[in-house]
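Asker: Can you read through this structure? Questions will come right after.
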Amino acid sequence: MPVLVMKFGGTSVATLDRIRRAAKRVGVEVAKGYDVIVIVSAMSGKTNELVGWVNETSPLYDAREYDAVVSSGENVTAGLMALTLQEMDVPARSWQGWQVPVRTTSAHSAARIEEIPADNIMAKFAEGMKVAVVSGFQGVSPEGRITTLGRGGSDTTAVAFAAAFEAERCDIYTDVDGVYTTDPRVSPKARKLEKIAFEEMLELASLGAKVLQTRSVELAMRYKVRLRVLSSFEEQSDNAGTLVCDEEDIMESNVVAGVAFSRDESKMTLVSVADRPGIAASIFTALSEGGVNVDMIVQNISEEGRTDMTWSCPTDQVARAEKAVADAKAQGVINFHEVIADTDVAKVSVVGIGMRSHTGVAAKMFQVLSAEGINIKVITTSEIKISVLIDRKYMELAVQALHDAFELEKAA
Ligand code: ASP
Ligand code: MG
């Protein structure tokens with residue numbers, strides 16, 4: 001029998017009634033002849049509640065116990081989903097991560113999947129079981145402890161199962177009906193994409209589009225898993241969702257596929273740093289050891305032998321970054337005149353594989369922003385994306401203007 005993976009996110013299993021609706025969709029696929037692996041998230045809000053309980057009990061918690069607590073939400077929905085399917089006369093049972101087993105690294109709260117042996121579940125399918133309901137987001141370490149894969153990790157569980165079982169497709173059921181050219185709450189002209197290439201989706205996910213966990217897209221790209229994002233709330237017929245696939249499977253696409261944004265960014269500058277080998281290494285080592293996730297980096301000559309070093313990071317890490325560079329200065333590792341933090345910025349990016357073969361995208365993006373009177377503070381580019389930092393108050397305007405200028409409301 002061909003295998004299908006169906007993943008239901010937190011809002012799709014938020015109540016018993018929603019679990020019943022999800023189970024009906026599973027029943028439809030079983031009736032078509034698939035053996036189905038269902039991956040479930042915890043009921044929406046549950047994981048946040050569990051994380052809160054851990055923090056309240058033990059602020060400097062043991063990460064192994066954090067995982068023991070936080071992974072439990074998925075076990076509840078897995079059991080309830082299996083029971084619901086059984087009530088519909090669909091042969092189903094639940095599996096927690098360790099029972100499969102989903103083998104992961106020991107990096108608690110951010111573990112990576114290393115291996116998913118297919119034999120246990122396949123043996124049950126051979127005996128007539130039709131649906132294996134697996135708790136998403138969790139696995140077991142080499143030491144035999146429960147691990148979790150990082151927030152949003154059940155997307156990654158789903159893709160990893162699709163790869164391990166050579167599933168025909170991996171359907172991700174969520175509360176939106178697909179991947180959009182931008183967030184419809186920001187631009188009402190946002191359009192649902194029929195298809196998007198893995199690489200574009202990877203950029204959009206890491207630039208702040210929240211539909212899929214970045215890691216899951218990486219895995220899908222590596223193992224060429226056909227991923228479909230669709231809504232569990234809409235009726236099946238007009239609900240094809242968005243297919244995330246290889247770029248060869250997309251005949252026509254716009255040069256720019258989407259506009260992404262991330263609101264809570266900050267720009268920090270170390271003014272007047274000595275311009276000599278090893279200085280950048282010292283600064284960014286200090287930041288990384290201080291737990292700061294640096295995104296963009298720009299270096300500028302300010303005066304003879306001195307340079308300004310600018311970077312961006314999430315706003316809630318600014319205090320940590322300030323401490324890291326102040327400590328490094330106190331230890332004599334680096335030297336600078338002052339540190340300036342601009343905490344009112346946002347990042348806006350345009351993404352598209354068409355940029356590899358089309359010139360002028362950057363020029364057009366900058367013209368659009370200038371026509372709106374928006375000042376660009378930092379620019380970075382990769383082969384398929386251009387990102388700028390701008391004042392946060394212009395973020396919506398920038399997204400709308402770029403969406404209009406690149407005519408993203410029209411399909412290719
Ligand atoms: N329940 C977990 C979370 O909220 C995992 C997931 O739903 O993907 O992060
Ligand atoms: Mg999610």
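Asker: With r as the distance between the Cβ atoms of residue 120 and residue 337 and R0 = 56 Å, compute the FRET efficiency 1/(1 + (r/R0)^6) and round to 0.05.
Answerer: The calculated FRET efficiency here is 0.35.
Asker: For region 264-344, what does the relative contact order come out to in percent, with C-alpha contacts under 8 Å and a separation of six or more?
Answerer: Over region 264-344, the number comes to 49 percent.
Asker: Under 10 °C and 1.306 mPa s, how fast does region 264-404 diffuse according to Stokes-Einstein, given a Kirkwood radius computed over C-alpha pairs? Answer in µm²/s, whole number.
Answerer: Stokes-Einstein gives a translational diffusion coefficient of 98 µm²/s.
Asker: Could you estimate the translational diffusion coefficient of region 223-344 from the Stokes-Einstein equation, with Rh from the Kirkwood formula over C-alpha pairs, at 4 °C and 1.567 mPa s, in whole µm²/s?
Answerer: My calculation gives 73 µm²/s for D.
Asker: Round to the nearest 10 and report in Å² the accessible area of residue 143, as given by a 1.4 Å probe over the protein chains' heavy atoms.
Answerer: Accessible area, nearest 10 Å²: 130 Å².
Asker: Determine the sum of side-chain charges near residue 354: Lys and Arg each +1, Asp and Glu each -1, restricted to other residues whose C-beta is under 12 angstrom from that of residue 354.
Answerer: Values: positive: 356, 385; negative: 199, 200, 247, 252, 383.
For residues surrounding residue 354, the net value is -3.
Asker: Same structure again: Running Debye on the chain with equal point scatterers at the Cα sites and no solvent, what base-10 log of I(q)/I(0) appears at q = 0.08, 0.10 Å⁻¹?
Answerer: After summing over all Cα pairs, the log10 values are -0.50, -0.77.
Asker: Right, here's the next one. Pull up the cross-link candidates among the lysines for residue 224, meaning alpha carbon to alpha carbon under 16 Å and not fewer than 8 places away within one chain.
Answerer: Candidates past the 8-residue exclusion: 195.
Asker: A further question on this structure: Based on DSSP, what percent of beta bridges with both residues in the chain are antiparallel, to the nearest 5?
Answerer: Antiparallel bridges make up about 60 percent of those DSSP assigns within the chain.
Asker: Just to check, using Stokes-Einstein with a Kirkwood Rh over alpha carbon pairs, what's the diffusion coefficient of region 1-109 at 25 °C and 0.890 mPa s in µm²/s?
Answerer: 163
Asker: For region 62-140, what is the relative contact order in percent, using Cα pairs closer than 8 Å and at least 6 residues apart in sequence?
Answerer: Answer for region 62-140 is 39 percent.
Asker: Would you mind putting 78-84, 285-291 in packing order, based on average other-beta-carbon counts within 10 Å, highest first?
Answerer: 78-84, 285-291
Asker: Ignoring everything except DSSP H segments at least 4 long, calculate the 222 nm mean residue ellipticity for the chain; use -39,500 (n - 2.57) per segment, divide by total residues, nearest 500.
Answerer: Helices in the chain give a 222 nm mean residue ellipticity of -10000 deg cm²/dmol.
Asker: Restricting to lysines 8 or more places apart or on different chains, can you count the pairs in region 1-134 with Cα atoms under 16 Å from each other?
Answerer: 5
Asker: Would you mind listing how long region 128-234 runs along its three principal axes, going by Cα atoms, in whole Å with the largest first?
Answerer: Its Cα atoms span 49, 32, 25 Å along the three principal axes.
Asker: Given Cα pairs under 8 Å that are at least 6 residues apart, what percent is the relative contact order of the chain?
Answerer: 14
The values are calculated or read from the model by the stated rules, or taken from the named source; none is laboratory data. Fair warning: this is a prediction, and the values are worked out from it, not measured in the lab. Counting neighbours? That spans all protein chains shown, and the Cβs are built from the backbone with ideal geometry, glycine included. In case anyone asks, the SASA skips ligands and DNA or RNA and just uses the protein heavy atoms, side chains included. Shrake-Rupley method; radii C 1.70, N 1.55, O 1.52, S 1.80 Å.
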